[in-house]
Amino acid sequence: MQKFDVVIVGGGVVGCAIARELSRYKIKVILVEKENELGCGTSKANTGLIHSGVNVKRDSIKGRLNLEANPLFDKLTSQLNIPFSRNGSLVVAHNRDDRQVLLHSLQEARENGVKGVRWVDRDELLQQEPAINPDTYGAIFAPTGGIICPFEFTLALGQNARENGVVFSLENRARKLLIENGRVAGLETDKGTIKASFVVNAAGIFADQLNAEENNEGIKIKARRGQYLVYDREYPVKIKHTLFPRPTEISKGIIVTPTIHGNLMIGPNAEQVEGKNALETTEEGIEEVLKGAKKLVPGIDNRGIIRMFSGLRAVADSDFVIKPAEKTKGLVLAVGIQSPGLTATPKIGEVVGELLQEIGLKLSAKSDFQPERPSGIKTGEMDYEKRDNLVEKDRDYGQIICRCEGITRGEIRDAILSPLGAVTIDGIKRRTRAASGRCQSGFCGPRLIELLREFAGISPLKATLRGGESRILKFRSKELLLEAGEDIADL
Amino acid sequence: MQTYDLDVLIIGAGPAGLGAGIKAREMGARRVLVLERDFEAGGILNQCIHNGFGLQYFSEELTGPEYAGRFIRKAARAGVEVQTDTMVLEVKPSREVITSSKKYGLQRFRAKSVVLAMGCRERTRDAIQIYGTRPAGILTAGTAQRYTNIEGFLPGRQVVVLGSGDIGLIMARRMKLEGCQVQGVYELLPYTNGLSRNVVQCLNDFSIPLYLQQTIARVHGDHRLEGVTAVKVDKKGKTLPGTEEFVPCDTLLLSVGLIPENELSRKAGVEIDPRTGGPIVNQGRMTNIPGIFACGNVVQVHDLADDVTVESEIAGISAALFERGKETEQKEKIDAGKGLGYVVPQEINLDKQRGEPLLLFMRAELPRQKVKITINQEGKEKLAFPLPFIKPGEIIKITIEPDDLRELIPGKDIQVTVRGEGKNG
């Protein structure tokens with residue numbers, strides 16, 4: 001039986017941030033994740049925004065963590081060597097009423113210490129963003145709003161935690177908390193029992209399924225679905241900032257933003273859905289997203305779309321639930337992490353560390369904690385000279401596998417062979433952007449399957465899109481004919 | 001990074017690039033190099049193992065690899081160099097081309113003329129907005145063709161095809177021949193987009209149902225495709241509520257259109273015709289950038305490899321002549337008028353074309369019977385070509401003989417339209 005001090009359930013951005021935080025200390029930590037990849041739930045399918053803190057309430061947990069976490073991203077992303085841009089956000093007023101409400105929000109944001117916020121009038125707004133709806137009454141400008149790749153962020157946190165000693169157990173479903181005398185004794189998983197005195201539930205949308213009776217304290221996680229559209233990088237409508245409408249009661253509204261990779265993205269709508277797998281896109285949802293986006297940027301249409309997707313937010317309450325469980329000693333909940341969860345993650349890690357300490361976990365800092373994660377090679381960011389020198393040393397960086405995004409064999413090899421490496425097509429895609437371009441793997445798909453065979457030893461018939469039954473190729477040529485008893489010698 | 005000087009540099013070693021390369025050498029260009037991103041020359045023809053190629057150009061029926069093979073051998077004999085496994089990173093308007101490859105690293109080529117022959121790519125699920133989950137088992141027909149014919153694998157056993165383009169029709173038959181259950185080919189329009197011969201030989205002969213004015217509204221399945229919702233549509237392509245039908249399948253093949261692959265062209269500053277998706281070219285297939293030519297599916301999506309060859313030979317000749325400073329200057333515009341989606345070339349120099357027949361490619365917007373294609377200047381019909389029928393799935397080729405060409409007035413733009421036979425409209 002394996003023994004650890006802390007088990008983290010869930011390998012999303014929250015679980016990985018907690019893992020990285022705990023890896024600073026001299027304790028044994030294991031993270032269990034049911035999928036074969038990190039960040040397969042909410043973390044891979046969201047807007048990828050680092051919110052400035054405009055329109056948040058300081059007296060809520062999510063508001064406070066948002067405000068405190070936003071300034072941490074420059075250092076954190078530089079340590080983790082991932083791209084991050086403070087492209088700035090604009091919350092746009094469409095009428096006098098909006099303007100009234102937003103001027104109040106601006107005042108609140110100033111009081112909350114959001115740096116650099118100011119009102120921009122219509123003329124300046126249109127000068128900054130010529131594509132924006134000219135029928136506007138100005139906007140709140142927040143220069144600290146930013147964009148990030150949420151999957152890369154999750155993976156980088158995970159890899160850095162692993163580098164610092166956290167054990168990752170993937171494709172391992174948490175089955176049941178082991179409780180002895182009202183306190184956590186361990187976790188039963190698909191791959192055996194893990195003994196531990198502390199468990200952190202960061203299971204996202206599935207958090208209420210872990211020992212529902214004993215520990216959920218009435219918490220029920222509802223899935224709120226948001227649908228998105230991503231556009232070709234050559235799409236003629238260009239914007240620089242992240243554009244928000246005036247927020248509604250439950251959401252920040254349908255947003256128009258550049259992604260960190262330079263695509264235009266719009267969404268999400270907000271729909272309450274039944275079940276935890278309702279990940280489809282719908283005609284109504286996509287139309288709602290288009291309509292919302294057009295209100296901000298009238299030139300947006302349904303041409304140039306390269307990807308539609310939807311993501312689920314885990315909603316427990318109006319706020320995050322981050323606290324020690326009352327009935328079960330040793331269990332800490334980090335659940336219901338809806339928006340602005342991605343922004344808040346660095347602080348969630350810290351808060352969970354403090355809570356664990358409060359309930360008896362002894363934390364003493366390691367002297368050899370390594371906060372830096374080495375950066376991967378990205379040939380697309382190099383000039384020709386540098387790139388040529390690189391290829392001289394390692395020929396794999398010369399062969400381009402993904403034509404749309406220009407991703408090389410070397411980069412895909414690295415994605416497979418690096419710690420917590422890719423084992424699926426989606427895994428390669430999220431790490432390297434191969435297959436995420438306009439042809440959506442039409443060209444590179446067969447080559448990626450071949451590279452999974454070469455570097456991960458996965459036979460083409462076992463290669464999956466994203467694990468489980470998502471095999472891409474089901475039979476060998478002629479296999480069905482043989483099965484049907486055809487004499488294929490004549491064919 | 002090494003720099004190499006060339007007479008003619010061609011991007012893409014499919015039928016277009018090879019055809020252009022051979023002609024350029026025949027016209028006297030000394031150093032002609034074709035760059036190919038795949039491991040072998042031949043382009044998409046290598047996976048088109050069905051027959052039907054070469055009927056026009058060679059007057060015999062060949063498979064795709066056989067058709068490609070003839071040009072690969074001919075290119076070698078003609079002294080055309082081919083460098084495979086090489087991706088072009090950038091084409092500069094100064095005709096400098098940067099490439100990356102495993103074997104040679106980064107290379108810089110300077111050419112007197114460049115021929116763009118990158119072909120086209122397939123439209124995807126997201127481009128046409130099929131809603132639902134994101135399971136494995138949804139592929140473009142061409143990708144499925146590569147898996148089946150080159151890699152040796154089948155994506156599944158129960159197949160639905162959306163779109164009646166030629167690749168869709170060919171792949172419906174191919175899957176059937178592999179022992180798959182092909183549930184049917186669904187086409188949004190009231191007519192097919194493929195060649196008539198393919199409808200007969202691929203669907204009718206194999207009892208594969210064709211469902212016109214029906215589309216796939218939604219896909220189902222968590223990890224792997226479990227079925228699709230087919231739905232009928234009205235004349236405008238709008239779905240008719242209440243006509244939804246669940247069709248079980250583990251594979252959905254998409255044949256919903258081809259897009260000329262012009263990312264490199266655009267970055268170089270080549271002007272693109274929104275109607276073709278390809279560069280605006282003159283009769284010699286030169287683009288708006290002097291010395292940069294284009295041919296084949298990068299200019300317009302052809303139905304037949306044979307037509308690609310014809311077009312590539314035009315480009316190859318012009319590319320070879322350009323190096324000698326004999327480039328043509330564009331003068332008259334050729335516009336697609338009523339009833340036509342596009343006309344290629346979009347520009348011509350009538351003076352330079354004297355004594356030579358002029359071949360026009362065009363695509364009909366709608367199927368029609370008993371029409372004439374008219375060539376007009378200043379609102380007047382100058383020439384008319386009667387045709388028994390036209391349909392969007394089959395490219396229209398009109399050859400204007402040198403004598404007829406004299407009817408056209410130099411310096412005046414040209415409009416090409418479809419008219420009903422005998423009357424004006």
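Values quoted throughout were computed directly from the atomic coordinates according to the rules given, and no laboratory measurement underlies them. Since the model is a prediction, treat every value here as computed from it, not as a measurement. Glycine gets a Cβ as well: all are built from the backbone with ideal geometry, and neighbour counts include every protein chain shown.
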Practice problem: Go ahead and run the numbers for FRET between B:MET1 and A:GLU381, Cβ-Cβ distance against an R0 of 22 Å, rounding to 0.05. | Solution: 0.80
Quiz item: List the cysteines of chain A that have no other Cys Cβ closer than 4.7 Å: which are they?
Solution: A:CYS16, A:CYS40, A:CYS149, A:CYS404, A:CYS439
Exercise. Considering the convex hull of the alpha carbon atoms of region B:124-256, report its projected area averaged over all viewing directions, in nm², one decimal.
Key: 7.4
Practice problem: State the antiparallel share, in %, of DSSP beta bridges confined to the protein assembly as shown, rounding to the nearest 5. | Solution: 65
Quiz item: What's the extension gain from B:ARG368 to B:THR399 if we count 0.36 nm per residue and subtract their Cα-Cα distance?
Solution: 9.1 nm
Quiz item: Of the cross-linked pairs A:LYS291/B:LYS238; A:LYS34/A:LYS347; A:LYS220/A:LYS327; B:LYS333/B:LYS382; A:LYS34/A:LYS362, which ones have a Cα-Cα span greater than 20 Å in the structure shown?
Solution: A:LYS34/A:LYS347; A:LYS34/A:LYS362
Quiz item: How much of the calculated P(r) for region B:336-420 lies past 22 Å, in percent of all Cα pairs?
Solution: 20
Quiz prompt | Alpha carbon centroid spacing (whole Å) that separates region A:48-71 from region B:112-149 | solution = 41
Practice problem: Assuming R0 = 51 Å, can you tell me the calculated FRET efficiency for the pair A:ASN389 and B:ILE49, based on Cβ-Cβ distance, to the nearest 0.05? | Solution: 0.75
Practice problem: Mind sorting B:LEU177, A:LEU102 by how few other Cβ atoms lie within 10 Å of their own Cβ, fewest first? | Solution: B:LEU177, A:LEU102
Practice problem: Evaluate the charge dipole of region A:88-133 about its Cα centre and quote only its size in Debye, nearest 20, assuming +1 on the Cβ of each Lys and Arg and -1 on the Cβ of each Asp and Glu. | Solution: 100
Exercise. Using only the Cα atoms, work out Rg/Rh for region A:379-462, with Rh taken as the Kirkwood radius, to two decimals.
Key: 0.97
Quiz item: Across the Cα atoms of region A:1-129, what radius of gyration and what greatest pairwise Cα-Cα distance (Dmax) are found, in Å?
Solution: 19.2, 67
Quiz prompt | For region A:401-479 versus region A:254-313, the gap between their alpha-carbon centres in whole angstrom | solution = 26
Quiz item: Can you give the translational diffusion coefficient of the protein assembly as shown in µm²/s, computed by Stokes-Einstein from the Kirkwood radius over Cα pairs at 4 °C and 1.567 mPa s?
Solution: 43
Practice problem: Just the number, please: percent antiparallel of the DSSP beta bridges in region B:124-256, rounded to the nearest 5. | Solution: 40
Quiz prompt | region B:248-284 and region A:158-228: distance between their alpha carbon centers, rounded to Å | solution = 49
Quiz item: What's the local net charge at A:PHE455, with K and R +1, D and E -1, over the other residues with C-beta under 13 Å away?
Solution: 0
Quiz item: Over all directions, what mean area does the Cα convex hull of chain B project, stated in square nanometres?
Solution: 21.3
Self-check item: Computed FRET value (nearest 0.05) for B:ASP413 with B:ARG354, which takes r as the C-beta separation and R₀ as 22 Å
Solution: 0.75
Exercise. State whether region A:105-164 is rounded, prolate or oblate according to the following rule on the C-alpha gyration tensor (a ≥ b ≥ c being the square roots of its eigenvalues): a/c under 1.5 gives rounded; otherwise a/b larger than b/c gives prolate, and the remaining case gives oblate.
Key: oblate
Quiz item: GNM on chain B, C-alpha springs below 10 Å: top fluctuator among B:GLY337, B:GLY14, B:GLY316?
Solution: B:GLY337
Quiz item: When the Debye formula is applied to the Cα atoms of chain A, each taken as the same point scatterer, what base-10 log of I(q)/I(0) results at q = 0.10, 0.12, 0.13 Å⁻¹?
Solution: -0.80, -1.13, -1.29
Quiz item: Given N residues in region B:1-127, what is Rg(Cα) / (2.2 N^0.38 Å)?
Solution: 1.09
Practice problem: Neighbouring Cβ atoms within 10 Å as the yardstick, rank A:ILE250, A:ILE8, B:ILE390 fewest first. | Solution: A:ILE250, B:ILE390, A:ILE8
Exercise. Per residue, how big is the convex hull around the C-alpha atoms of region B:203-351? Give it to me in cubic angstrom, could you?
Key: 180
Exercise. Provide the net charge surrounding A:GLY253, with neighbours chosen by a C-beta distance below 10 Å and charges set as Lys +1, Arg +1, Asp -1, Glu -1.
Key: +3
Self-check item: Farthest toward positive dipole pole in the protein assembly as shown [+1 Lys/Arg, -1 Asp/Glu at C-beta], among B:VAL114, B:THR215, A:LEU452
Solution: A:LEU452
Quiz item: So who's got an amide H within less than 5 Å of the one on B:VAL281, skipping anything under 5 residues away but keeping other chains? H placed 1.01 Å off N, in plane.
Solution: B:GLN346, B:GLU347
Practice problem: Could you pull out every one of the aspartates and glutamates with an alpha carbon less than 14 Å from that of B:LYS112, ignoring same-chain neighbours closer than 8 positions? | Solution: B:ASP5, B:ASP7, B:GLU96, B:GLU323, B:GLU327
Quiz item: Antiparallel as a % of all DSSP beta bridges within chain A, to the nearest 5?
Solution: 70
Quiz item: What is the order of B:VAL231, A:VAL14, fewest Cβ neighbours within 10 Å to most?
Solution: B:VAL231, A:VAL14
